[in-house]
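Here's the structure, in structure tokens; my notes come after.
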Amino acid sequence: RFLTERGWQPSRPLIAFAAGAAYGTAKRWPPDLVAQLAATVVGERGATCVLVGSRADRDTASQIRAIVPSDTAAHVLDVTGETTIEMLAGVMTLASACVSNDSGAMHVAAAVGAPLVAVFGSTNEYETSPLTRDGRRAVVLTHPVWCRPCMLRECPIDHRCMTRITPARVYRT
């Protein structure tokens with residue numbers, strides 16, 4: 001009911017996007033790339049995308065919503081900061097897939113068995129990768145650059161570990 005009251009039609013696949021990360025912007029796949037992927041998923045799959053995260057992720061979600069093309073915007077819902085952990089688990093259970101940074105929401109998606117694409121930049125995927133339920137799918141995407149994993153909160157150069165992960169690559173995964 002929570003999602004249908006916000007515009008989700010259950011006949012449309014639901015794709016969750018956890019675009020925030022508490023540790024810092026170095027862990028975040030850039031909002032413009034998230035928006036491009038959301039537009040593709042809505043246009044090619046007829047999906048509804050739902051942006052999830054904590055209150056601290058609201059600015060990131062707002063940036064994504066501002067960038068999403070107007071013909072797609074009705075199918076990109078923002079519930080960032082509106083869910084309890086139990087509600088987040090419920091959303092992830094309904095999701096056909098989840099695209100997430102290395103974040104708490106990523107771990108919730110993996111725990112409930114949502115098919116997951118986890119985008120890793122500054123952090124070490126061998127230390128904090130998602131632990132999935134048996135037989136469930138989770139793919140960790142990285143881009144090999146000399147400086148990763150740096151473990152920094154903010155990128156002092158050009159964030160190449162994340163900007164070089166393309167929406168097309170995530171979509172194909």
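Read-outs throughout are calculated quantities, based only on the coordinates presented, and are distinct from any laboratory measurement. Please read all numbers here as calculations on a predicted model, not as lab measurements. So basically every Cβ, Gly included, is an ideal-geometry build from the backbone, and we count neighbours across all protein chains shown.
Treating each Cα of the chain as one equal point scatterer and applying the Debye formula with no solvent, the log10 of I(q)/I(0) at q = 0.16, 0.20 Å⁻¹ comes out as -0.87, -1.41. Angle of helix 58-67 to the longest C-alpha principal axis of the chain, folded into 0 to 90 degrees and rounded to 10: 70°. By how many degrees, 0 to 90 and rounded to 10, does the Cα axis of helix 85-94 deviate from the longest principal axis of the chain? Computed tilt is about 70 degrees. As I understand it, the value is the acute angle between the Cα axis of helix 31-45 and the longest principal axis of the Cα atoms of the chain; what does it come to in degrees, rounded to 10? Helix 31-45 sits roughly 40 degrees off the main axis of the chain.
Peptide packing for 130-140, 60-70 was compared via the average number of neighbouring C-beta atoms within 10 Å per residue; ordered from the highest value, the list is 60-70, 130-140.
Take every pair of alpha-carbon atoms less than 8 Å apart whose residues are at least six positions apart; their mean separation over the length of region 1-70 yields a relative contact order of 41 percent. Rounded to the nearest 20, the Cβ-based charge dipole of region 1-141 about its Cα centre (Lys and Arg +1, Asp and Glu -1) stands at 220 debye.
Relative contact order of the chain: 25 percent, from C-alpha pairs under 8 Å at least 6 residues apart in sequence.
Positive end of the dipole of the chain (Cβ unit charges, origin at the Cα centre): among T173, S54, T25, the Cα lying farthest that way belongs to T173.
What separates the Cα centres of region 50-68 and region 119-173 is a distance of 19 Å.
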